[in-house]
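Here the structure comes first, spelled out in structure tokens, and everything after it is commentary.
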Amino acid sequence: MFAQDSAVIVTANNSLPNKYIKAIDAKSDKLSNTLDAKTTKYLRRFQKQENRLLRKISNKVDSSTSQRLFTDAEKQYQQLSERIRGARKLTHYIPRLDTMITSLQFLDKHRELFSQSKDLQGKLATSMGKINEFKSELQKAEDLKQFLKERRAYLKQQLEQAGLSNQLKKLNKEYFYYCEEVKAIHEDLDNPDKIERKTFELLSRTGIFQEFLRKNSFLATLFRSPGSTGGSASVPTPLPGLQTTTQVSQIIQQQLGNAGPNAMQQLQQNVQQAQTLAQELKDKINKAGGSSDDETPNFKPNPQHIKSFFRRLEFGTSIQSQRGNNYFPATTTVALTAAYRLSDKKLIGIGMGEIIGLGTGWNHLQFSQSGLNLRNFIDWRIKMSSLWLTGGYEMNYLSAFNSIEQLKQYNAWQQSGLIGLSKKYNVGKKFKGSLQLLWDFLSYRQMPRGKSIVFRTGFNLK
């Protein structure tokens, strides 16, 4: 079997381990640095919001109580800083991280399968170091979440005593968005890139890796899977006081056997009743003003809030054609736009385009530079439909120019005020199309007068 497994790996790609390790290093570095920055930012912002609340509480209490509140807060944050300084041991299970670590351990133990890979041992040691740093950052994030949860509960109590119970909204926002930031990092971790998927698929085709994974994953340190009692020294014993999956299954089967032929049906009914009671309890908690989920906000969250600046940008193109008249030839305006998402429903943007002259007709088709278009706009989605309310202000320089100095003549620009509807639709996985029908309410003041109805089409990157 060993020779067959080796042949599978070598035949596929003997340089794959180096690429895999490099991909894991890049992901670990990126996520670790991102999480560290987010943790630092939200801790600072949460502490700033807490100090504001403490100052408000101080106006309602005596000076000794006020001094005690500030002293206690400073002490709590100092203790947190000392607790999360340095390396932290991850105390909860993350499946994807377990898979990455176990696969690296496999590569380290079976380096003979990749004899052509250069300095594999050194690279594996470096990669494991980066993953350990990432694990430490993950635990720091969990420590901070717990700390913020406790401080939020404490401040809620103090605010209620001071008659300021409605002042906790901003603090709740900071806590909620930090939890969402951490959740987004976990989602990035669970989204393997191409080289990660290819390597794990390759290793999974080998019996030796399947056996290694079954015996050496993190879960194997908690529960001994059926068939893992092969006497291997690498197989850890179950933790004292915990029942294995096999033991639990045997107990259920034994109880069902003693309960008669309708035991399975009765078990299903009991499970359904338990789920119903749990849901009723959750509803009662919510009606009482609380929540069974500490991360549920008492405000409407903005999903765009946790995205970076560049991930909230949306680039696109716009094309508008206009028939000729007595003053100007037929033209087409081709513009590039950049929009910033304020939320899922609102975005603002700017754009710049070139006005291209097309001549006077099919018999006199001639391309020429005919001006410049500058624009800004705002889009507001109408509820959950694909229709958007669009408004904007634009300036058009309607003649050819040879220098920037010509564009500085403000009176030479024609102004447009646009309002109307946009229809946005998907075009494949990476693009969205748009159709716009707009009314130029400043067209009646233009000299010469332009078209009052404008139709545009374009494409945006998702």
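Rule-based calculations on the coordinates, nothing more; no lab input. Just so it is clear, the model here is predicted, and its values are computed rather than measured. We place every Cβ from the backbone using ideal geometry, glycine too, and count neighbours over all the protein chains shown.
Structural remarks
- Partners of LYS215 within straight-line reach, counting lysines whose Cα lies under 25 Å from its Cα and excluding those fewer than 8 residues away in the same chain: LYS89, LYS109, LYS123, LYS130, LYS135, LYS198.
- Burial ranking of peptide ranges 82-94, 152-164 (average Cβ count within 10 Å, highest at the top): 152-164, 82-94
- Centroid-to-centroid separation of segment 411-445 and segment 373-389 [C-alpha atoms, Å]: 9 Å
- For segment 330-361 versus segment 61-106, the gap between their alpha-carbon centres in whole angstrom: 48 Å
- Ranked for footprinting exposure by Cβ neighbours inside 10 Å, fewest first, SER63, SER136 give SER63, SER136.
- In this entry, segment 2-221 is assigned a mean projected area of 13.4 nm², taken as a quarter of its C-alpha convex hull surface.
- Taking other C-beta atoms within 10 angstrom as a stand-in for reagent exposure, GLU201, GLU196, GLU211, GLU394 fall in the order GLU201, GLU211, GLU196, GLU394, fewest first.
- Available extension along the chain between THR71 and LYS41 is 8.6 nm, counting 0.36 nm per residue and deducting the alpha carbon span.
- In this structure, MET352 and LYS156 have a Cβ-Cβ separation that, at R0 = 41 Å, corresponds to a calculated FRET efficiency of about 0.25.
- One decimal place: the segment LEU387-ARG52 gains 116.5 nm when fully extended, by the rule 0.36 nm per residue minus the C-alpha distance.
- Toward the positive end of the charge dipole of segment 26-89, with +1 on the Cβ of Lys and Arg and -1 on the Cβ of Asp and Glu, the farthest Cα among THR34, SER64, SER81 is that of THR34.
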